[in-house]
Amino acid sequence: MRSHDTAGDRPMRSTRRTFLSRRKAAEARREAWFERHPKKAPPITWEQWAAANAALGIKVKRREAA
């Protein structure tokens with residue numbers, strides 16, 4: 001860990017809030033990149049698809065694979 005005896009130097013402290021905001025910013029950057037490069041985006045999962053439809057008011061049921 002860094003020493004904190006230098007004048008005007010703040011201690012390096014990472015709180016959970018800064019960690020979460022950094023993670024949120026990283027996720028936003030990732031989503032924006034995928035919007036610009038749609039062919040490189042990972043495929044959507046069934047749960048994501050169902051959630052998107054539910055947000056639009058469309059009811060979906062998952063069928064078992066044959």
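Tallying residues that are in a loop (DSSP other than H, G, I, E, B) and surrounded by 10 or more Cβ atoms within 10 Å (Cβ to Cβ) within region 36-62 yields 3.
Among the residues of region 3-16, is any among the β-branched types (Val, Ile, Thr) and either surrounded by 10 or more Cβ atoms within 10 Å (Cβ to Cβ) or at pLDDT 90 or above (or both)? Looking through region 3-16, none of the residues is among the β-branched types (Val, Ile, Thr) and either surrounded by 10 or more Cβ atoms within 10 Å (Cβ to Cβ) or at pLDDT 90 or above (or both).
The values are calculated or read from the model by the stated rules, or taken from the named source; none is laboratory data. Everything numeric in this text was worked out from a predicted model, so none of it was measured. All Cβ positions, glycine included, derive from the backbone under ideal geometry; neighbour counts span all protein chains shown.
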